[in-house]
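K.L.:
Structure below; questions to follow.
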Amino acid sequence: MPINKDFFHRIKSELENYNADLLAVSKTKSSEDIYELFILGQRDFGENKVQELTAKQKILPGDIRWHFIGHLQTNKVKYILPFIYMIHSVDSIKLVKEIQKKAAEQNRKIKVLFQIHIAEEESKFGIPLSKVDEFIGTFEILKPLNIEVCGLMGMATFTDDHLQISKEFQAIAKVFSTLKSNNVFGPSFNYLSIGMSDDYFIALEAGGNMVRIGSSLFGAR
Ligand SMILES: *Cc1c(COP(=O)(O)O)cnc(C)c1O
């Protein structure tokens, strides 16, 4: 399926007004499609399956910045650690420990976002809002020197109710700005990764500065 070049150019200029970055979510899409977007200048791509990501990384240009946006099992960290640019889905101390261990072995510093659970739907993934302080307290005791905390990631409830989505994005934006103004993680703490194809405009209004767009760019999955 051809990529939507019109949408790409439109969202790029829209994001400029918000000083926000585009993460192109290429999961299930072919390397040819990714390359087509790469040619237009896109460098940040997001994948949610380890095997699919490593296969694509092997054959696509080395200057692509790969972001991992799906649930990451600790036993698979080692496959992406050599090349991953940013992991958006860090939501457990067990995962923190494994990333730290593998990153130290390879002498890399890995950029991560903490995934916060803001949606109404039950989910095993993401740190509940009520547990964020506790999680950060534990993280700080560990002092994982090979992990650079760059911000937060969240997904809103799958609904047409824009008000609800907006409230959820505002909830994570509040946590983000508190952590940022308290300088908990230093100057690299800059990214609020919220918003997908159907709700990115709500995310931008709420203060998101990295949107993760798949289907609007690459077509339906
Ligand atoms: C698939 C996915 C997206 C992109 O969703 P679209 O609706 O296709 O834009 C964004 N974030 C995460 C975590 C995803 O899994």
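K.L.:
What tally of residues in region 132-169 results from selecting those that are without any contact (Cβ under 8 Å) to a residue 40 or more places away in the chain, closer than 18 Å to Leu192 by Cα and more than 17 Å from the chain's Cα centre (by Cα)?
P.N.:
3
K.L.:
The conditions are (1) surrounded by 18 or more Cβ atoms within 10 Å (Cβ to Cβ); (2) in a helix (DSSP H, G or I), and Ala104 fails exactly one of them. Which is it?
P.N.:
Tallying (1) surrounded by 18 or more Cβ atoms within 10 Å (Cβ to Cβ); (2) in a helix (DSSP H, G or I), Ala104 fails exactly one: (1).
K.L.:
From the list Ser123, Ser177, Ser197, which one is more than 16 Å from the ligand (Cβ to nearest atom), of a type in the set (Ser, Thr, Tyr) and surrounded by fewer than 21 Cβ atoms within 10 Å (Cβ to Cβ)?
P.N.:
Result: Ser177 is the single residue among Ser123, Ser177, Ser197 that is more than 16 Å from the ligand (Cβ to nearest atom), of a type in the set (Ser, Thr, Tyr) and surrounded by fewer than 21 Cβ atoms within 10 Å (Cβ to Cβ).
K.L.:
Another question, if that's okay. Does region 201-219 hold any residues that are more than 8 Å from the ligand (Cβ to nearest atom) and over 17 Å from Trp66 (Cα atoms), and which are they?
P.N.:
Phe201, Ile202, Ala203, Leu204, Glu205, Ala206, Gly207, Gly208, Asn209, Gly219
K.L.:
Could you give me the residue pairs with C-beta distances under 8 Å whose first residue belongs to region 60-78 and is among the basic types (Lys, Arg), whose second residue is more than 14 Å from the ligand (Cβ to nearest atom) wherever it lies, and which are 6+ apart or on separate chains?
P.N.:
Listed by first residue and then by second, the contacts come to Arg65/Arg43; Arg65/Tyr85; Lys78/Lys102.
K.L.:
Next question. Kindly provide the set of residues from region 55-70 that are out of contact with any Lys or Arg (no Cβ under 8 Å at 6 or more places or on another chain) and surrounded by fewer than 16 Cβ atoms within 10 Å (Cβ to Cβ), ordered by number.
P.N.:
Within region 55-70, Ala55, Lys58, Ile59, Pro61, Gly62 qualify.
K.L.:
Kindly provide the set of residues from region 72-101 that are within 25 Å of Arg43 (Cα to Cα) and surrounded by 19 or more Cβ atoms within 10 Å (Cβ to Cβ), ordered by number. Let's see the steps before the verdict.
P.N.:
To start, the set of residues in region 72-101 that are within 25 Å of Arg43 (Cα to Cα) comprises 72, 76-90, 99.
Within region 72-101, Leu72, Val77, Ile80, Leu81, Ile84, Met86, Ile87, His88, Ser89, Val90, Ile99 meet the criteria.
All of the numbers you see were taken from the coordinates with simple rules; none came from a lab. Not measured: the values here are computed from a predicted model. With ideal geometry, Cβ positions are generated from the backbone for all residues, glycine too; neighbour counts draw on all protein chains shown.
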